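First the structure, in the form of structure tokens, and then the observations on it.
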Amino acid sequence: MGASAPYFIMSWFVYLIECTNGSLYTGITNNVQARFAAHLAGKGAKYTRANPPKKLLNAFECPDKSWAAKAEYHIKQLTPAQKRTLTEQSLKN
């Protein structure tokens, strides 16, 4: 047998962006910096094209895409105040 290909574990993230109008956007990605840059360039989600991003509030690492999608769903159920509290609490730890 030949040499095996390197095995990489790809992390997924759920992230929160504050938009210029004060609203919050939640999404998932495997590359936070590239995804945020896409949002800034107007090539991200339809929501952030209409509501331009102001800053990346936080990103939470997840073990896989499925987990990130589930976390995204639960975070989207929170009120904006609860999302901000979640972000602030995680930054303190």
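The values are calculated or read from the model by the stated rules, or taken from the named source; none is laboratory data. Keep in mind that what you see is a predicted model, and the values were worked out from it rather than measured. Cβ coordinates were reconstructed from backbone atoms using ideal geometry, including for glycine residues, and neighbour counts include every protein chain displayed.
One residue stands out among those in the stretch 38-68 that are loosely packed, with under 14 Cβ neighbours inside 10 Å and of a type in the set (Gly, Ala, Ser): the one that is farthest from the chain's Cα centre (by Cα), which is Ala50. A residue that is at pLDDT 95 or above, among the charged types (D, E, K, R) and farther than 18 Å from Thr85 by Cβ can be found somewhere in the stretch 50-59. What are the residues in the stretch 10-46 that are at pLDDT below 95 and part of a helix (DSSP H, G or I), if any? Answer for the stretch 10-46, where residues must be at pLDDT below 95 and part of a helix (DSSP H, G or I): just Lys46.
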